Structures are given as C-alpha cells and as structure tokens.
Amino acid sequence: MNHRKIQMPREVYIGPDVIHETAEIFESLHLSKKALIITGHHTYDAGAKYVIENLEENDYEVDLKIIDDATYENVDEVEEHIDCDTLVVGVGGGKVIDVAKYASFNKDVYFVSMPTAASHDGIVSPLASIKNPNRSTSVKANAPIALIGDSNIIADSPFRLLSAGCADLISNFTAVKDWQLAHRLKFVEYSESAASLSIMSAKLITNNIENIKPGLEESARIVMKSLFSSGTAISIAGSSRPASGSEHMFSHALDKILDKPKLHGEQCGVGSILMMALYGADWKFIRDCLKAVGAPINAKQLGISDDDVIEALVMANEIRPDRYTILGDNGISKDAAYELAHNTEVI
C-alpha cells in the first residue's frame with residue numbers, strides 16, 4: 001500500500017448549547033443507542049449530567065464511568081464496560097478524552113469527543129496521551145466520529161484552562177520550525193498542508209488576542225475552532241509533528257521532574273519562548289502573545305524553580321530521541337541552558 005488513511009471527525013458541532021442536542025446529533029449519525037459516558041469528578045456537573053439527561057429522555061441506554069486520570073489502569077477498567085455495540089462518549093477535559101479515545105480504539109467502537117474545556121488539541125487528534133508509572137506516552141488511536149463542543153460550557157470553565165489551550169496553540173510556531181528543520185537535515189517526511197494548517201491555527205489565536213477574555217462565549221468558540229484545526233493538522237500529518245516539537249519535549253521533561261506538573265499548555269508555552277530564542281527568531285512575539293492571553297511567561301508565573309527550567313532544558317532532547325529538533329542529537333549544556341533561560345527572562 002502506498003497510501004495513508006487520514007482520520008477526521010465526520011461531523012463537528014461548535015457553538016452555544018449544542019450539548020442539549022446530543023441525542024439528535026447521534027441519531028443523525030445513526031450511532032448506537034447504547035452509550036457509555038466517560039467523565040471526571042468535576043466535569044460530571046459541568047457537562048456529563050446534561051448529556052445523560054438528554055440521552056435518557058430520548059430512550060438511550062446510558063452507562064457512566066467516572067475516572068480521575070489518564071492511566072492504562074483506567075483504560076482497562078473502561079474497556080470492561082464496552083461491548084461491540086457501545087458508543088463511547090468522552091465528556092470532560094484532556095484526560096477524559098484520552099481515556100475514552102484509547103479505550104474505544106482498543107475495542108473497535110465509535111467515540112464522540114465532548115470537551116468541557118479547551119485546554120489542548122487532543123480533542124480531535126488520532127493520538128492519546130496515557131500515563132505509565134514513569135511518564136506519559138503518546139499512543140495511536142482513532143479520531144472521534146464526531147466533535148461536540150458547547151462554547152457556553154467551555155466559556156464557563158476556569159479561564160486558566162482556556163489560556164492553556166491558547167498557549168498550546170501558540171507553541172505550534174516552534175513545533176513547525178522543528179518539523180521543517182528535521183525535514184531538511186534528517187529527511188523526515190513533511191506535509192506542507194499540515195504545517196500550514198498548524199500555523200493557521202496558531203495565528204487564529206494571535207490574530208484574535210483582543211477577543212480572548214474570561215467568560216466570553218466568543219472566546220471559547222475561537223479557541224475551540226483553532227484546537228480543532230490543529231488536531232486536524234495532526235491527522236493529516238499522521239503524527240503529532242505539526243503541533244509537538246522541542247517545546248513539548250521541554251514540557252514532558254518538566255512532567256518527569258516535577259512532583260505535580262503544571263498544565264500542559266502552560267509548560268509548552270514557556271517552552272516555546274525558549275525554543276524560538278534558540279532559533280534566533282522573535283521569541284518576544286511568543287512571550288507577548290502568551291502574556292496577552294493570561295498564560296505564564298516565566299518560571300515564577302509557572303510556579304516552578306529556576307533549577308527546574310535548567311534541568312528540563314538539559315534533558316529535553318532525551319525525551320524523544322527519535323524526534324529531531326533544534327535541540328539536536330546531544331541537547332544543550334547546563335551553561336547554555338542557563339544563558340538561554342536568563343536571556344529570555346524565563347528565569
């Protein structure tokens with residue numbers, strides 16, 4: 001076979017109160033009337049209870065599973081609730097979506113993504129981040145059959161989550177630079193269309209900075225559309241390359257160092273400042289955009305120590321040795337890491 005399948009949602013619904021049309025949407029897609037709702041302790045009240053109410057009013061058989069983290073153990077527990085005719089519905093944040101996505105993939109059933117927060121672009125991508133005892137691993141899954149993003153619910157979620165989603169999107173700028181570098185130096189397969197879509201997704205945020213505000217439905221809609229297009233870029237590329245480069249490796253290094261890691265998008269945003277500076281490009285633009293959407297721009301705001309930043313920079317290239325980035329094959333020295341972080345005022 002010399003072709004590759006590109007997976008995307010069949011239908012996408014982003015707007016106010018669409019969560020109350022769940023049953024109607026499922027019926028239009030001719031999906032099973034036996035639904036398993038995966039959600040979290042906090043996101044049950046934020047969204048899942050409305051989904052359950054709407055489905056039960058329309059004669060759906062509904063099962064519920066509440067999880068607290070994206071672990072292989074939770075994936076196994078969810079799979080025990082899935083039959084061949086079960087429709088898996090993830091209603092919650094990134095961890096909920098990832099577990100629902102991966103469990104449905106393993107059981108070969110359809111999955112619907114219903115995010116209650118716009119904190120990262122995993123809402124539609126065919127990849128899931130699942131934790132093993134040591135670190136998070138990226139595993140292949142299927143893209144959702146549908147995306148239902150209620151912009152009122154997302155606008156009502158903590159603004160920090162929306163800000164983190166913006167930061168994750170802004171970090172696409174450095175991810176694409178890394179991808180282009182790997183293509184030039186290591187002949188890594190590159191997709192111009194996926195790269196362009198990834199940059200467009202980032203620019204949708206940076207060009208609408210003044211519209212990203214707390215509690216504003218329009219803000220939630222802008223970020224959700226941008227996350228959707230970024231996730232679609234990943235689907236087109238067949239890898240996370242369009243949205244994950246050295247800045248994500250920095251973030252994953254922090255995940256290993258910190259007892260309690262910060263929000264993924266926040267860590268990637270700070271990482272993007274550093275990596276853009278390594279490229280000798282306009283890191284101040286990245287910093288100013290992050291600041292404008294309320295995302296952290298230095299170690300103090302991120303809630304980590306200067307030493308954590310240095311250690312993460314030094315070890316970042318070891319996170320994914322197969323993924324070539326501006327960090328090179330050997331990474332950077334402690335002295336170079338300090339100078340980089342100091343010059344960008346990250347420390």
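Within the range 71-100, the set of residues being more than 10 Å from Thr39 (Cα to Cα) and under 13 Å from the mean Cα position of the chain (by Cα) comprises Gly94, Asp98. Note on the range 1-32: residues that are over 26 Å from the mean Cα position of the chain (by Cα), surrounded by 13 or more Cβ atoms within 10 Å (Cβ to Cβ) and at pLDDT below 90 amount to 0.
When the range 98-114 is filtered for residues that are out of contact with any Ser or Thr (no Cβ under 6 Å at 6 or more places or on another chain) and surrounded by fewer than 24 Cβ atoms within 10 Å (Cβ to Cβ), the ones remaining, listed by number, are Phe105, Asn106, Lys107, Asp108, Tyr110. If you check Gly245, Gly271, Gly303 for being closer than 25 Å to Lys131 by Cα, crowded, with 24+ Cβ neighbours inside 10 Å and in contact with a Lys or Arg (Cβ under 8 Å, 6 or more places away or on another chain), only one passes: Gly245.
Can Ile199 be described as more than 14 Å from the chain's Cα centre (by Cα), in a helix (DSSP H, G or I) and surrounded by 24 or more Cβ atoms within 10 Å (Cβ to Cβ)? Answer is no for this residue. Every test in (1) buried (at least 18 other Cβ atoms within 10 Å of the Cβ); (2) at pLDDT below 95; (3) within 24 Å of Tyr324 (Cβ to Cβ) is passed by Ala141 save one, and that test is (3).
For the range 202-212, residues that are surrounded by 14 or more Cβ atoms within 10 Å (Cβ to Cβ) and either of a type in the set (Gly, Ala, Ser) or not in a helix (DSSP H, G or I) (or both) total 3.
The values are calculated or read from the model by the stated rules, or taken from the named source; none is laboratory data. Please read these numbers as outputs of a predicted model, since none were measured by experiment. Backbone-built Cβ (ideal geometry, glycine too); neighbour counts: all protein chains shown.
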